[in-house]
Every structure is written in structure tokens, then in C-alpha cells.
Amino acid sequence: MFRGLCLPLHPRRTLLMATTVRRSLRFQAQQTTPLADDLDSPRTSEKRKRTLDEEEVSKIDEQRGAKVAKKTRPDPTYIIPDVTSKETTFKGRLGYACLNTVLRNKKPAKDSVFCSRTCRLDSIKKNGTEWVKDLGRKNAEDLLTMIQWNEDNDIKFMRMSSEMFPFASHPLHGYTLEYCAPLLARVGELAKKLGHRLTAHPGQFTQLGSPKPEVIASSVRELEYHCEMMDRMGLGVDSVMIVHGGGMYDDKTATLARIKETITKVLSPAVRARLVLENDEMCYNAEDLLPLCEELDVPLVFDYHHDALFPSSIPRSEIIKRANAIFVRRGIKPKQHLSECRPGATTLMERRAHADRCQSLPVELPDDMDLMIEAKDKEQAVLHLYRIYGLHPVIQESLRPPDENPSMETKGRKSTKRQKTKAAKEEGKGDDE
Ligand SMILES: [Zn+2]
């Protein structure tokens, strides 16, 4: 049975062995209890057992403490490669979506800061709504830390995770954000005090043009939830909610008409006030959405990457001019999205995936624009552009090196579909469109 010990031990196997040893310790402790114990009343015996268990527990805690102490050693020193300097006249703000990799990867894990704690529906059924609401509270608390980190690093523009309050818009298990009102107000006060813009991008299930009333109803609930979150933060008109045209349902013209009907007849004034549309790379390009946006005075967020994959027949400069005019009419600061294809991407599916970082600002980019960088390296992608273009000084300790061998696979996702979805959800990557 000890033959295995001659082989190098896999860390997991070591852990398994440790568990076995701990279990046998417990067993011995109970066995070596004096025989007299057997004569004690069941209560005394139980009490002794509990004392022994507690001793064991404290021993285990000590061991764990040692492990934790090991883990809290100083952060590793990162070697940050130089960047090639470029010039720009850009004076606007760069932002990132939902997740801060430096804060998310803090060790030990209990120090990790992120706003996309979520769960499966089964867990709500098992643990109750109060439990899921507590995840939302923790997410909102961590948002305060993220905003302050952004401030310290000259980033004044961020998209909030659409997972902030998990299942808040669910037809059965949904809940209002009343319970979190003071905390949300604090978040909003901090963002306003520092002059940060916070936006939202409700999930891909938000389909304003669906022919199914139940899909429209759930889309409206999703928008209402995001709107409630922003309203409770007291955020102004720049805090917009971005949605795509969605599916085409075999008839683009009829679907566009349904989108118009939903916006004009179904959405509440509060939701409509925050709604903006974005061109996508599969169904509705900028040219498809512009007439509707202009007619309804709904701003269009121009996404350069989507436009490269599904271009319009009108030039970018013209689209941007018309899109910005709607923002200006509405008194909302214009915004756009930027991402790049992963190196070596050739097929449409490969080109759809976002690169870890962006290497260039677009030539058509207006000088005073809020530009959301939709890249896998999140805040690192913003700092990368800061360094390339000398936009802002960067704090050396905030920098992390880029992946030396970025593959076509998107980072951090495992092989199975379920794990992929889970990883994407946990990391707020589902928001990165
Ligand atoms: Zn986008």
C-alpha cells in the first residue's frame, strides 16, 4: 500500500492523503477516550466528544492558518514589457467592463474583489432569496473598492456587471433592490463625487424585437432591474443601458418594427431614458439601427469591432457623426466600444472573439469620446493604451504582463460548454459585448 509513496505526489493526491489522516485522527481520538466515558451520561459523553472535536478543529485551523500565512507572502514581481509609443490627439476617457483582474486575482481568495458573484437557480431554491440577496450586497460593496481603484489609476469610466444582483429580474425569485438602497446610494455618491461614468449592458437575453410576449416581458424586467439599480445610485443621464437589436426572427424589417413598438409603447419612461442601442456583428449593423435611433432619439453606441465584421455601406465618419448627434440632442455624453480580433484569427467565429488587449485607437475616433475597451485583460487593456499613447501616468504596481502566447481560445474558459458558461458568468465576461 506504500508503493505509491515512492512516486512523486500530485498536489491533489497529497490533499487527499491529508484528509485521510485527519479523518483517522478523529477516529483514534474517539477510540482512546477512557472507558469510564462509556458510563457517563450520554450528555457528558457527548460533551467530551465535542471538546475533542473542538481540539481537533483548532489543530486543523492552526494548520490552515499556517497555509494562509504562506499564501499571504508579498505579491510576485512582474516583468512588464515595453510598449511601442504612438501618438494621438485623443483626450477622452477609456473604460473597461465589469471585472478588474488585479482585484479579482487578489490572494488569498477571501480578499478577491469582484461584482459578479452569482449562483444557479437551484441554489436559490435551496438557500432562499435572502441568501442570493446577500451575494448582491457583497457585489455592491466590492463596487465601491473597484471605483476607488479606478480613481487611483485614472480610470473614470466603467460598465457594471449585469450579474450585480443575481436573478433580481426572475419572474418567481426576483426581488426589489430596496434592501440595498443605502449601499447603492453610497456607490452612486462615490461615483458622482469622483466624476466617474457607470454604465450597464443587460444580458443577451434582452430581446426587444422578439415575437414572443414572454420574451418581451422578461426583457422589460431585465431593463427595469438595471434601471432601478442606477436610479437607486442616483446616477445621471450618462449612465445608459446598452442593448443590441437581438435576433432577426426571419424578418429584419418586421423585427425592427417590433423593437420600435416595444420602445415606444412598452418601456417605462425611466427605462427609455437610459436605453441606447449598439450595432452587432451578426444581425444589425450600424446602418440597420441608425434610422430607428434617429426616429426615436435613442442614441447609437458605435462598436468598431462589430462594424469591422459587419460593415455598413455608409462610411464610419458619417455613422459616428449621426450617432453623436443623437447623444448631443439628448444631452448624453457620447460613447463607443473598441475591441480587436485575437492575433491570427481568420474565420468569422475566430474574429468575433476579443483580443486580450488593443494595440491602437481607431483613426475615426473623435477626440472627446468615452471609449469602452472590451478586451479580455480588462483594466490592463486600458492601462496598456495609456502607456502606448501616453494618455495618463500609470502606477507600476497596477501593471500585469500580457499573455505571451495568446491563443485563439478565450482565456480562463474550460473545455466543456457548461464550464465555459459558468466561467464566463463568474468573470462578468458575458457582459463583454
Ligand atoms: Zn460592444
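Look at where the Cα atoms of the stretch 234-297 and of the stretch 175-229 average out, and the two centres are 16 Å apart. Both radii come from the Cα set of the stretch 250-334: Rg as radius of gyration, Rh as Kirkwood radius; their ratio Rg/Rh reads 0.96. Annotation: extensible slack from Asp251 through Arg329 equals 25.0 nm (criterion: 0.36 nm per residue apart, minus Cα-Cα distance). Compared with the alpha-carbon gap, the fully stretched path from Leu296 to Ala353 is longer by 17.4 nm at 0.36 nm per residue. Among residues other than Val298 with Cβ under 12 Å from its Cβ, the summed charge is +1 (Lys and Arg +1, Asp and Glu -1). The packing ranking of peptides 270-277, 308-315, highest mean first, is 270-277, 308-315, where packing means the average number of other beta carbon atoms within 10 angstrom of each residue. Placing pseudo-labels 7 Å out from each Cα toward the beta carbon at Glu151 and Ser317 gives an inter-label distance of 4.1 nm. Counting beta carbons within 10 Å around each of Met160, Met369 and listing the fewest first gives the order Met369, Met160. How far apart, in nm, are the 7 Å Cα→Cβ label points at Val363 and Thr264? Spacing of the two 7 Å Cα→Cβ label points: 4.0 nm. Once the Cα-Cα distance is subtracted from the 0.36 nm per residue extended length, the Lys138 to Leu309 segment shows a gain of 57.8 nm. With neighbour counts taken as other beta-carbon atoms within 10 Å, the residues His226, His392, His306 rank, fewest first, as His392, His306, His226.
Less than 12 Å Cβ to Cβ from Val394, Lys/Arg counted +1 and Asp/Glu -1: what total charge do the surrounding residues give? For residues surrounding Val394, the net value is -2. In sequence order, the stretch 116-122 has phi-based couplings of 10, 5, 9, 7, 8, 4, 4 Hz under the Karplus curve 6.51 cos²θ - 1.76 cosθ + 1.60, θ = phi - 60°, and Gly or Pro positions carry x.
In this rough spin-label picture, where each label sits 7 Å from Cα along the Cβ direction, the Arg221-Lys192 distance is 3.0 nm.
Other residues with beta-carbon under 10 Å from the beta-carbon of Ser312 carry, at +1 per Lys or Arg and -1 per Asp or Glu, a net charge of -3. Counting other Cβ atoms within 10 Å as a rough exposure proxy, the listed residues Phe114, Phe205 run Phe205, Phe114 from fewest neighbours to most. Using amide H atoms built 1.01 Å from N in the peptide plane, name the residues 5+ places from Val240, or on other chains, whose amide H lies under 5 Å from its own. When sequence neighbours closer than 5 places are left aside, the close amide H contacts are Ala200.
Of the peptides 378-385, 122-129, the ranking by mean beta-carbon count within 10 Å, highest at the top, reads 378-385, 122-129. The reciprocal of the average 1/r between distinct C-alpha atoms defines the Kirkwood hydrodynamic radius, which for the stretch 93-400 equals 20.1 Å.
No value in this document is a laboratory result; all are computed from the given coordinates. For clarity, every value in this text was computed on a predicted model and none was experimentally measured. Heads up, the Cβs are rebuilt from the backbone with ideal geometry, glycines too, and the neighbour counts pull from every protein chain shown.
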